[in-house]
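What follows is a single structure, written as structure tokens, with notes after it.
Please treat every number below as a calculation from the coordinates, not as lab data. Owing to the predicted nature of the structure, the values given are computational and were not obtained by experimental measurement. All Cβ positions, even for glycine, are placed from backbone atoms using ideal geometry, and neighbour counts span all protein chains on display.
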Amino acid sequence: MKTKFVAFVAALFAANLALAQAAAPETPAAPAASEAASCEAKAVSSSGKPLAGAAKASFMKKCETSAGCAAKAVDKNGKPLAGAAKSSFMKKCETDAAAKK
């Protein structure tokens, strides 16, 4: 009887773990996917037609780099940068990101 109870409790514990993982918050990859979708939606020409080929690839690379840098543009107190400080940070961040690729 005792072994059946222990097996039952172990099964409940395993089920609880499975449910907890299924309801886990977004992983770091999920925001990147949403950034890519956002850039995809912005990839249109001045005439309103969707970009294609090299133009789209170039736009996507720049957009994703810019989006990643914008998320990091905060001061030591956690407030978003603004003005010249943000411009300087974005320029350096985008240059560094381009050098790494």
Determine the sum of side-chain charges near Ala73: Lys and Arg each +1, Asp and Glu each -1, restricted to other residues whose C-beta is under 14 angstrom from that of Ala73.
+3
Between Ala41 and Met60, the two model label points (7 Å from Cα along the beta-carbon direction) sit apart by a distance in nm of 1.7
Short version: ³J(HN,Hα) in whole Hz for each residue of segment 62-72, in order, from phi by Karplus 6.51 cos²θ - 1.76 cosθ + 1.60 (θ = phi - 60°), x for Gly and Pro, what are they?
5, 5, 5, 5, 4, 5, x, 6, 4, 5, 8
Built amide H within the under 5 Å cut-off of Val44, gap 5+:
Leu51
Can you run phi through the Karplus equation (6.51, -1.76, 1.60; θ = phi - 60°) for segment 92-97 and list ³J(HN,Hα) in whole Hz, with x for Gly and Pro?
5, 4, 5, 5, 5, 5
